[in-house]
Structure formats: C-alpha cells, structure tokens
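One structure is given here, and the rest of the page talks about it.
The values are calculated or read from the model by the stated rules, or taken from the named source; none is laboratory data. These figures come from a predicted structure and were not determined experimentally. Here the Cβ positions follow ideal geometry from the backbone for every residue, glycine too, while neighbour counts run over all protein chains shown.
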C-alpha cells in the first residue's frame, strides 16, 4: 500500500519517494515556505537562499535555521537528501539530473488560486508525512478566508481596482494576485480589459479605465527603469497605494491572507 | 528637387505624423477628441492622457528622430563615408552604457540631470574611440570593424551592470537599452533630453559650410579657410549631446541615421549642408512613424522601436555594403 502510493507519487520511472523522508531539500521559494510550515523538527535540511530574503519571502525570519541552497543539482546532491521539493516550473535539467542520481523529486504546481493553495498544503503534508498538521493548517486557512470573504461587498458594489507592477504589468483574475484582489472585495480592472492571467496594461489604458484604486508593489531594492512607470505623473489623478509586497503575492501560501486583509483595509478606508 | 520644396514636403510629413502620434493609442479617443483634449483640456482622463502620456511621447519622437537623422548626415559628411551612423559605430551603445550606470548606481534618482550627463559622457567616449581607431577620413572596413568592437564592448558592460544590479527588474531591461522604446515617457524626460538634443543639433547644423567644402578634399577645404580641428570638435560634441540625450530617455534606436541621409542624398544634390536639414526632418518622420507603428501593430506588447527601425535599416545596410564594395572593386 505505502509502496504503491510512493511509486504513484514519484511517477512511472523516478526513484521511490520515502513515506517518512528524513532529509528534505527544497529548491523553490514557494515549496520552501510550505515545507518550513509543515516539516517535522529536523526533517527539512535546506531551503533556497531566496527564502531568507524579506523582499520575496514571507518567512525570511525562519529561513536562517536551514542551510541555503542556490537550486543547482550539484549542491543539492552534496546535501544527500532523500527527497527534493520543487515547482513544476523548476529547471527541468536540474530535476532530471537529480532523478538520474537516484534522488526522488516531488514537484508542486504553483498556487494560482485559494483552492490551489489549500490543495498544496494538503499535498505537502502527505509528502512530508505530517498530514495531521497539514489538515489543521488547511482548516485554519479555510476559516480565515471565509471570514475575510464575508466582509467583501457583493459583485455589483465592489470598487474597481487594478494591480500594477513594474513594466506596467497587471494581474488578471486567474492569477494568484487576482485571487487576492477578489477575496479582498475588489473588482479587477485587468479582467474588464481582457487580461486573464496577467500582462502589460499600458499606462494610457489604465488611466482611461479610471479604476477606483491602483495597487502597486512596494519598490524593489536598487533603481530600475521598469519601476519608473509607477511614478508617472499621469497617475496623479488616481488613488495609488503601494499595497502589495512581493513576499505576499509571489507564492501560494497561507500568508496570502495577510495580503487579502491588508487590501481589504484599503477598501474600508477612503482614499487620500 | 529644389531645396524649399523638399523641406516643405518633409515638414508637412513630420507635422502629419506628429498629429498621428497624438491621436493613436489604446484609449480610443479619436483624432478630434484628442486634439480638443490636448488644447482645451476639460474633465475626465482624456486631457491627462494627451498632455502627460501622448504629448511627451510625440515630442520625444520628433526630437530624437531629428537628432538621429542629423547625426547620421553630419557623421557621413565629415567622414565622407555613407556607412557612418551613431548606432553602427557604437556611439549609441556607449551612450546606453552611460545611462545604465546613471540609473542603476542611483545617481539619476539623486539628481535627474545625471542621466543625460552620464549618457553624454558615454557617447563622447564612443565617438572619440571611433575617431581614434578609424581616423578622420575613415576607410569603410576600419570604420565598421571599430564600430563592431566598440558596440560589443559597450553592450557587454551594459549587460554586466544590469546583471550586477540588486534590482530584480534590471536584467530584463537589457532589451530596452539595446532596442529602444518611447513607451510611457513623461514630460520630465522631455525636459532633461530636449536642451541637450537642441544644443547638439544646432552645433551640427552649423557644420554645413565646412562639410560642403570638405567634399572637395581636406586640402581644398583648408584653403577655403575651414579649420578641420575646430570642425571635428564641434562634430564630436554635437553627436555626443544628441545621441547621449536621445539614448538616455529612449534607449538605442539604430539605423535612423543611416537610412534617412541615404534616401535624401540625391534629392539634396549631394550637398552635405542641405542634407543636414533634410535629414533632421526625415529622421523625425521615420521615428514618429515607427513609434506610431509600434502602437498600431501590438499595443499591449510594448514592441520596441529599434525592432522596427532595424527591420527596415538592416537590409538597407547590407545593400549599402554591397554597393560600397562594388565601387571599391
């Protein structure tokens, strides 16, 4: 039974996934955070160096307790893991190299919706052998999400919001950011304009659409031309709030609900 | 063609394209609505879009196009070589390197003029390197090879600066600096680029008499009282100011200075002085047209300006190389 499950999880030809892995290495920022939340003490050996960067990781404070890796096959192999956690978009050459070296790799889909996040929590619990802890976390996630959604206005009465990041990038309703916006009780202007997942929303189209609020990311360290557009004078007539930190919207983890709560506060509070 | 007629036609074309640049955009405002919003203002987002987004874009297209066309004509006249062009000989890439250093070191955030000044310094180094490598009356092969070397070095250093930046978006901006774009520029960019482009452009336009004399050869020009050293200094500073400021706000837009003088050379009777004015107008028309085309072809993709100018310009360049080689044989 356990063997059959393990074989199924590893796919047709990969090395078998142990039922209770003892040395787990994560090579993706998002699996890093889920694993730090759900691993048993001592079970998780290493996470990516990004997990320690507060600009991208919601758990930067916790990452110091683990070895940092750069996601390369050679350094991961040197850690002698019995399980590697990766994203389905992790570099295929790295994943196939690890598999050839006999290390089982479990790949998680990116969480693009609240349902995806829930499913990833449950699956991480199954993979790490901490299903009880995962079930409790999923239940808490459900309860907090339901509480936030209850406060959101009905579809017709929602303020219209656009998320707008460097390079004039707007997130559509089928992205994680879109899901955060929806749970916070906003209508998504990018969706109105036909952007499903995400894409360039020209400054002119944004101003023309006259959203009630434009939610931008907090500025990244160092200067860049890509972020110039967030300070363009044509935005002067709109309400612009720097409300989304990369750490909140990069990964599908329970921390997205912090972002939902923060955005919902913008809805409650009138603009400046 | 008579000079006033040619210049009149070109000016009319530039005016039409300038209006088109104001009227085309993702917000379907329409020609009449656009002009009304620009001039009369009013409520709603339309005046804001016209005055803060489309007007700076059209003004930059006009200034940068005119500057690049003029730079190409002046360089070709001075070097007596039809293949000389700020992009091809590496001046644009050097200017981009200067601009990149200004932005990613934080200098331009502390002091807005650092952007054009650094880019100007980069362009200056590029021109000086080319003149030192290829000499004043450059042979085609030496000129092109020197240009390849300077471009490659500047592009590599630009990529290095962007890769070393702590900003996660910096590395993705390599394309902008190599290909150029006028998307989402503001009046601030017009304000920091225009003085340099105008000053440099005036310096280049005053070279006309000297360039005309130079067609007779350096000795003949000297006997007519033309000081070659003073001309070279004005050319170098003019090109650096124009290309530096243009690249600082719009990235490296190639081939404009190559194609435009070539198209207009026969219509100006092969007189460099006339060609300068005609190329300024022609360059403005080409860049405005290319920028309008980026908005018509793929408004949501941020198509790069330099992609269009290179698609037209590169085949032209190959044609010119073949022609030059045939004449040399």
Which listed residue, of B:172, B:208, B:200, is at pLDDT 90 or above and within 30 Å of residue B:52 (Cα to Cα)
B:200
Could you pull out the residue among A:86, A:55, A:51 that is touching a residue at least 12 places away in the same chain (Cβ under 8 Å) and assigned to a strand (DSSP E or B)?
A:86
Mind listing just one residue for me: the one in the stretch A:90-103 that is part of a loop (DSSP other than H, G, I, E, B) and in contact (Cβ under 8 Å) with a residue 60 or more places away in the chain and, of those, farthest from the chain's Cα centre (by Cα)?
A:102
Run down B:59, B:115 and say which single residue is within 20 Å of the chain's Cα centre (by Cα), part of a helix (DSSP H, G or I) and within 13 Å of chain A (Cβ to nearest Cβ).
B:115
Only one of A:243, A:191 that is more than 25 Å from residue A:109 (Cβ to Cβ) and without any contact (Cβ under 8 Å) to a residue 60 or more places away in the chain:
A:243
Please state which of the following conditions residue B:42 fails to meet, knowing it meets all the rest: (1) in a helix (DSSP H, G or I); (2) without any contact (Cβ under 8 Å) to a residue 24 or more places away in the chain.
(1)
Residues of the stretch A:165-189 being surrounded by fewer than 24 Cβ atoms within 10 Å (Cβ to Cβ) and within 14 Å of chain B (Cβ to nearest Cβ), in sequence order, are A:165, A:166, A:167, A:168, A:169, A:172
Top-ranked residue in the stretch A:214-239 [being at pLDDT 90 or above and surrounded by fewer than 18 Cβ atoms within 10 Å (Cβ to Cβ); ranked as nearest to the other protein chains (Cβ to nearest Cβ)]
A:233
Requiring at least 1 residues that are touching a residue at least 60 places away in the same chain (Cβ under 8 Å) and under 13 Å from the mean Cα position of the chain (by Cα), the helices (runs of 4 or more DSSP H) wholly within the stretch B:155-252 are B:174-179, B:187-205, B:228-250
Kindly state which helices (runs of 4 or more DSSP H) lie completely within the stretch A:171-272 and contain at least 3 residues that are outside the structural domain of residue A:115 (by TED's automatic domain parsing) and closer than 23 Å to residue A:33 by Cβ.
A:176-183, A:246-249, A:256-268
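This table checks each residue for (1) under 25 Å from residue A:197 (Cα atoms); (2) in contact (Cβ under 8 Å) with a residue 60 or more places away in the chain; (3) under 17 Å from the mean Cα position of the chain (by Cα); (4) not assigned by TED's automatic domain parsing to the domain that holds residue A:180.
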| site | (1), (2), (3), (4) |
| --- | --- |
| A:105 | no, yes, no, yes |
| A:109 | yes, no, yes, yes |
| A:113 | yes, yes, yes, yes |
| A:116 | yes, yes, yes, yes |
| A:119 | yes, no, yes, yes |
| A:128 | no, yes, no, yes |
| A:136 | no, no, no, yes |
| A:148 | yes, yes, no, yes |
